[in-house]
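Asker: First the structure, then my questions, so here it is.
The values are calculated or read from the model by the stated rules, or taken from the named source; none is laboratory data. Quick caveat, the model's predicted, so the values are computed rather than measured. Reconstructed Cβ throughout: ideal geometry from the backbone, glycine too, with neighbour counts over all protein chains shown. For the accessible areas, the whole protein counts, side chains as well, though only heavy atoms, and no ligand, DNA or RNA atoms are used. Shrake-Rupley method; radii C 1.70, N 1.55, O 1.52, S 1.80 Å.
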Amino acid sequence: MVCVRITDLHPVRLFRAALLLLLIIAGWLLVRRAYVLRGDAEISDAQLELLRQEGLAAIPSGDVPIGAILLYGDHVIGRGHNTQVATGDAAGHAEVNAVSDALRAMGRDAFNALNRDSLLLVSTFEPCAMCRGMMEEHRIECMAFLKPKSLRNRMKSDARLLQMELTRRTTGHERLQDSLFRAHPAYDARTADH
């Protein structure tokens, strides 16, 4: 067995290893802060029952029984359950469906005008990276969940996200997307980069 001491490493390799470790830790922390956990959130018995009903609604189709509600203050403005198997929609997660329900009921303009400090997405299970991304896209900053994922599961997911981030690349055809942005009737050059 060969033992390598840190002092035996070439300074450039040591620097690269330290930098990589720092990037991994920083990336993990950034990914984990995609939402603000509201452990102090008061969930009423009626809201818990609604979450239970939503979760149970996923079972007949063979979907994972997860339910979610979107609260504005104390009012439920959206609800959903997993529908991936039922609809064949890869984005058919409970959290996405709850936000989509609110968007359909209120309309995009009314939804976007809501005070973000009063929005709380509540799920029966900790959301995945896709759902956290959806929350970021719709500026939903507060989340509460009844059951967390295991540390092992979260770390595996976060490692995959970090790997994707570190290896992402463009194709060199950015002008195509720019032309699509400009073709939209509501195009605004200040927000074209999203």
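Asker: Quick one: count up the residues across segment 61-78 that are outside any loop (DSSP other than H, G, I, E, B) and either modelled with pLDDT under 95 or over 16 Å from the mean Cα position of the chain (by Cα) (or both).
Answerer: Total meeting the criteria: 7.
Asker: How do the helices (runs of 4 or more DSSP H) wholly within segment 104-194 filter down when requiring 2 or more residues that are under 22 Å from Ala90 (Cα atoms): which remain?
Answerer: Fully inside segment 104-194 and qualifying: 129-137, 151-167.
Asker: Is there a residue being closer than 30 Å to Ile69 by Cα and open to solvent by less than 30 Å² (accessible area, probe 1.4 Å) anywhere in segment 104-112?
Answerer: Yes - at least one qualifying residue is present in segment 104-112.
Asker: Same structure again: On the given criteria, is Leu119 hydrophobic (A, V, I, L, M, F, W, C), open to solvent by less than 30 Å² (accessible area, probe 1.4 Å) and in contact (Cβ under 8 Å) with a residue 12 or more places away in the chain?
Answerer: It is true that Leu119 is hydrophobic (A, V, I, L, M, F, W, C), open to solvent by less than 30 Å² (accessible area, probe 1.4 Å) and in contact (Cβ under 8 Å) with a residue 12 or more places away in the chain.
This table checks each residue for (1) under 15 Å from the mean Cα position of the chain (by Cα); (2) at pLDDT 85 or above; (3) surrounded by fewer than 16 Cβ atoms within 10 Å (Cβ to Cβ).
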site	(1), (2), (3)
Ser150	no, yes, yes
Leu161	yes, no, no
Arg168	no, no, yes
Arg190	no, no, yes
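Asker: Of the residues Glu136, Glu174, Glu95, Glu141, which is open to solvent by 60 Å² or more (accessible area, probe 1.4 Å) and touching a helix residue (DSSP H, G or I) at 6+ places or on another chain (Cβ under 8 Å)?
Answerer: On inspection, the qualifying residue turns out to be Glu141.
Asker: Something else about it: If you check every pair at least six apart or on different chains, which have Cβ atoms under 8 Å apart with a residue in segment 64-75 that is buried (at least 22 other Cβ atoms within 10 Å of the Cβ) first and a residue that is of a type in the set (Ser, Thr, Tyr) second?
Answerer: Cβ pairs passing all conditions: Ile66/Ser123; Ile66/Thr124; Gly67/Ser123; Gly67/Thr124; Ala68/Ser123; Ala68/Thr124.
Asker: Only residues in segment 124-137 that are in contact (Cβ under 8 Å) with a residue 12 or more places away in the chain and closer than 16 Å to Asn82 by Cα count as the first member; pair them with residues that are in a helix (DSSP H, G or I) and open to solvent by 30 Å² or more (accessible area, probe 1.4 Å), Cβ under 7 angstrom, at least 6 apart or cross-chain, and list the lot.
Answerer: Taking only residues 6 or more apart or on different chains, the pairs are Ala129/Leu161.
Asker: I need every pair where a residue in segment 33-60 that is farther than 14 Å from His75 by Cα and in a loop (DSSP other than H, G, I, E, B) has its Cβ under 7 Å from the Cβ of a residue that is open to solvent by 80 Å² or more (accessible area, probe 1.4 Å) and at pLDDT 90 or above, sequence separation at least 6 or different chains.
Answerer: Ala34/Glu136; Tyr35/Glu141; Ala58/Val64
Asker: Please verify whether Ala110 is among the hydrophobic types (A, V, I, L, M, F, W, C) and under 20 Å from Leu51 (Cα atoms), treating the condition exactly as stated.
Answerer: no
Asker: Return the pair list, or none, for Cβ contacts closer than 7 Å from residues in segment 79-97 that are under 16 Å from Leu51 (Cβ atoms) and outside any helix (DSSP H, G or I) to residues that are of a type in the set (D, E, K, R) and open to solvent by 40 Å² or more (accessible area, probe 1.4 Å), at least 6 apart or on different chains.
Answerer: These pairs meet every condition: Arg79/Asp101; Gly80/Asp101; Thr83/Asp89.
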